[in-house]
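The values are calculated or read from the model by the stated rules, or taken from the named source; none is laboratory data. The structure displayed is predicted, hence computed values, not measured ones. Cβ placement follows ideal geometry from the backbone for every residue including glycine, while neighbour counts extend to all protein chains displayed. With ligands, DNA and RNA removed, areas are computed over all heavy atoms of the protein, side chains included. Shrake-Rupley method; radii C 1.70, N 1.55, O 1.52, S 1.80 Å.
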Amino acid sequence: GHNYAPIRPAHGDEELHLKLMDERGYDMQVISQPPFTQVHDQKAYLGIAQAKAFNTSMSNCVKEHPGKFRAVASLPLQDIPASVKEMNRAIKELGMIGCMLNVDISRRGTAPTNDEEYWFPIYEEACKLDVPLFVHPGSSALPRHQKYSLALHLGFLFGETEFLTTFIYGDVFKRFPDLKILCSHGGGAVPYQVGRFQASTCPDLKGDRGPRIPIEGTFIDNLRKMYFDTCMYSPEGIECLIKVVGVDQVLFGTECPGMGMARRPDGRSYDNVEDYINGFDWLSDTDKAKIFSGNAIKLFNIKV
């Protein structure tokens, strides 16, 4: 079947990228700037120049390989008016199909969280353009995240977990009900710990709201309004994700090539995520088709 995978770029190795796509049967990939190269903590003029350069480059890549790629845009998020302007250029002029959203532009945990008004013009414009925002942290500069390359491992998952919780607790969907959010790496730790977050939005045993966080609906209600990629490297993690958020909210995603190129005990790469999904006998063929292609086609409005 057709696979429309929201994955990372091929780290500059175009030949390897195309070879692996053909070997694995990936008909189309949605590419982005490598998230850890974003410079949102730098001067605005640097962020603007970088976003424009990456977006133009990715647009050219899409044109050079008709039908093989689509791209989501980078934004200079330290300058919101410039970001709105670049969103419109990327979508309307370059033909891109979404935008990346870095959850911590300070790299140090000091930026506005994604339920704050700072971000509202981005959300508003994404709704107007009818494009999803692809949530992926940039690199972390926290000293404790430098050990063992945790800036790329723990830093990403921490950022995604924080985004989902602050976004939902901040009741952002109440203000922007049409906003489309696609979260990378299966939503960080949220699906695995969803019961804890759900409890914080439910009445207590006496029927009182007590310390309940006042949002519309429960935590899971809001979580199931979002979308999640399967860029995870264990069948248990992917199974948890699908069962928590539902088949309709999950998009096939992998790093090909990327960090997941490490070898599993069976000799296959960890980023052969399709092995896990194909092995789930509790998913119907219709469900698998949604995850591999249908949900992405719908979310990104891809013409096939």
(request) With a 1.4 Å probe and every protein chain kept in, tell me what percent of the accessible surface of the chain is carbon plus sulfur. (result) 54
(request) Between A53 and E23, with labels modelled 7 Å along Cα→Cβ, what's the label distance in nm to one decimal, could you check? (result) 3.1
(request) Compare the Cα positions of A296, L16, M96 along the charge dipole of the chain (+1 at Cβ of Lys, Arg; -1 at Cβ of Asp, Glu; about the Cα centre) and return the one farthest towards the positive end. (result) M96
(request) May I ask you to evaluate 6.51 cos²θ - 1.76 cosθ + 1.60, the Karplus curve with θ = phi - 60°, for each residue of the stretch 54-71 and list the ³J(HN,Hα) values in order in whole Hz, giving x for glycine and proline? (result) 5, 5, 5, 5, 5, 4, 5, 4, 4, 5, 6, 10, x, x, 8, 9, 10, 9
(message) Let me spell out the model: positive unit charges on the Cβ of Lys and Arg, negative unit charges on the Cβ of Asp and Glu, origin at the Cα centre of the stretch 21-158. What dipole size does that give, in debye rounded to 20?
(response) 380
(request) Among S149, F120, F173, pick out the residue whose Cα is farthest towards the positive end of the charge dipole of the stretch 120-179, where Lys and Arg carry +1 and Asp and Glu carry -1 on C-beta, about the Cα centre. (result) S149
(request) Would you mind giving the average projected area, over all directions, of the Cα convex hull of the stretch 77-222 in nm² with one decimal? (result) 9.7
(request) Give me the orientation-averaged projected area of the Cα convex hull of the stretch 176-270, in nm², one decimal. (result) 7.7
(request) Name the residues whose placed amide hydrogens come within less than 5 Å of the amide hydrogen of I181, ignoring near sequence neighbours (fewer than 5 apart) on the same chain. (result) L133, Y227
(request) Hand me the trypsin sites (Lys or Arg not before Pro) from the stretch 184-262 located in a DSSP loop with no more than 14 other Cβ atoms within 10 Å, in residue order please. (result) K206, R209, R212
(request) Using only Cα positions of the chain, each an equal point scatterer, no hydration layer, compute I(q)/I(0) via Debye at q = 0.07, 0.08, 0.10 Å⁻¹ and quote the log10 values to two decimals. (result) -0.25, -0.33, -0.53
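What is the dipole size for the chain, taken about its Cα centre, with +1 at each Lys and Arg Cβ and -1 at each Asp and Glu Cβ, in debye to the nearest 20?
About 400 debye.
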(request) May I ask you to list the chymotrypsin sites (Phe, Trp or Tyr not before Pro) in the stretch 194-284 that are in a DSSP loop and have at most 12 other Cβ atoms within 10 Å of their Cβ? (result) W282
(message) For the stretch 150-213, compute Rg over Rh where Rg is the Cα radius of gyration and Rh is the Kirkwood radius from the inverse mean 1/r over Cα pairs.
(response) 1.05
(message) Tell me the per residue accessible area of the chain using a 1.4 Å probe; a whole number in Å² is fine.
(response) 45
